[in-house]
Structures are given as C-alpha cells and as structure tokens.
C-alpha cells in the first residue's frame, strides 16, 4: 500500500466512475452520445446546487469523455477584460471551459459572454479606435453556481442543459467512499464508511475530507489500516459530533435549548453575521430536522433537536 497517495490524486474520468445524481448523469449521458454521434461540441450547460456535490468532477469527466481540452477557472478570478478576452480567444474548437462559482463573474463579463456565445465572435474595445471583432472557436461553456439567480437571465438562457444537484443519501456516500478507497488501495474497516457517511451532511466533499483526516490519524500512529477509533479521533480533533455538526452548529443548538430565539440574537451570541448564520449554519440544521422556524421567524428546536442536544450533553458530562 502506498501511504503517499492523497484523495486529490484521484479524479474520476468516466461517467461510470460517478455515484449518485442519477438525473444529472442521465442528462449528461444523452448529451454526450448526441455530441459524439453528430461530431459536435458538447452543449453549453449550467450546473446548479450546493457546494461539495461534485460539479467540478463532472465538468472534468465531460472533458475526458469528449477527449477535449479542459480549462477551469473561478468566476471571481477573472478581474480584467484582458483576462476574460484571453480566456475565450485561446480556446480551440470543441474545448471545454468550466467557470466555477459563475455567479461571482462580473456582470459586464456575463454580458460579454452571452453575446460571444450568440455570435461566436468577441468584440474587443481598442483605445482611440473602433472596437475590433475576433472570431471564436466553437467551444463549450460549463457554468457552476450555488445561486443561479445571481446569473443574468440572458446568460442562463444560453445554457442548453440545466443540471440540478441534490444532496447524497448515506448509501450513495458509502458507494462513493468505497470507489475512492479501491482506487487508493487503502485498508479501511467496513464499519468506518457508514459512520463517515452519517457525519457528512449528504456531501461527498465532506465525506472525503473526513476519510482523509481518519487516514492522517492512522498514519500518525504508524498504522496501515483505518479503524473506527481513528475516525473518532479525527472527529475529536475537528470538533465534530456524531451527526457531523461543527462547533458553531453545536453552539447554535445549545442557544435554542433555552427556548425560541430570534436570528439576530443567535448571531450576536455566536459572534457571526446574520447572513452567515442563516445561509451557512442553519441550512443543514433545518434540512436535518433539528431546528425549525415559527410564523414569527423565531428559531426553535424540534423534538429531534432536543433529543440531540440532550444526548450531546450527556456525552460531555
């Protein structure tokens, strides 16, 4: 077994390597078949969903399946017209351009992008003279976003496929972890994977990170297999409870244990912006049924939430 191997060293290269997201995979499979049979580029596509669900991995798989050149950029990393123009002008025919966090792309570049896709030409302003037009190759644009409505409607309209991601089930996470473990040739006790899946909030990125942390603990002890004890130690180091809740989420639940509370009060006690609390911390707590909001907007624990807090309190005594 090679202990030097890292999870990031292994990336899926085929649709058959991907687990979950059945609707997304089916859409992409049909589009790949059509593009390859017709000898055309892959259709422009919009990938929508929370972070960590595999949008970047799928973009890379599409490029591999099409056997075309692949360029990946972050929306916020394109800051000047020259960077934007250079990205489009250097693309060969049928290549794949993946813009992650596309909602962070400046509006002026979003406008320029959908105009360029329409005309297959790029209009470049020149100082003191009329704009120059350059022909563009017929390449594919893949946009990934956690908030599609921050993208301009005309740009969204140019995307032929909209691929909507959903959170993974625990069974799907176990399958995804098992595939990665086989690729890495790691020795992992069978009871570890369900425990990791339970703590991963339906998100493969979190599952893989916790697997990597467990591997790190194992290697720090000079051991060659990953056991449940290594996982528990990794969770202790990262301050994760048995549901995968982090320190701030656990503190949030303890605040609500005293009774229904307003968002701004919770945020003040946690020392975090209300936007962060509502969009980041609350998301999983609501989805998992641990908290709810009443008609006045007060946050309160559900029966499941009260049970979790009580159990956690007993474990810390």
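Read-outs: derived from the displayed coordinates by stated rules, not from any lab. Remember, it's a predicted structure, so these values are computed and weren't measured experimentally. Note that each Cβ is placed from the backbone with ideal geometry, even for glycine, and that neighbours are counted across all protein chains shown.
The table for this structure:
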quantity	calculated
The chain: relative contact order in percent, alpha carbon pairs under 8 Å with at least 6 residues between	17
Region 52-93 and region 163-235: distance between their alpha carbon centers, rounded to Å	29
Estimated FRET transfer efficiency when R0 is 25 angstrom, pair residue 38-residue 135 (beta carbons, to 0.05)	0.70
FRET E, pair residue 238, residue 149, Förster distance 30 Å, beta-carbon r, rounded to 0.05	0.35
Calculated FRET efficiency for the pair residue 286/residue 124, C-beta based, R₀ 41 Å, to 0.05	0.30
Calculated [θ] (222 nm, deg cm²/dmol) that DSSP helices of n ≥ 4 give over the chain, each run adding -39,500 (n - 2.57)	-14000 deg cm²/dmol
Distance (nanometres) between label positions extended 7 Å along Cα→Cβ at residue 265 and residue 313	1.7
Cβ-based exposure ranking for 28, 185, 124, in which fewest neighbours within 10 Å come first	185, 124, 28
Added length on full extension, which subtracts the Cα-Cα distance from 0.36 nm per residue, residue 10 to residue 166	53.9 nm
Gain in span if fully extended, residue 83 to residue 108, counting 0.36 nm per residue against the direct Cα distance	7.7 nm
Percent antiparallel among DSSP beta bridges (both partners in the chain, rounded to 5)	30
The chain: angle of helix 247-256 to the longest principal axis, Cα-based, in degrees nearest 10	60
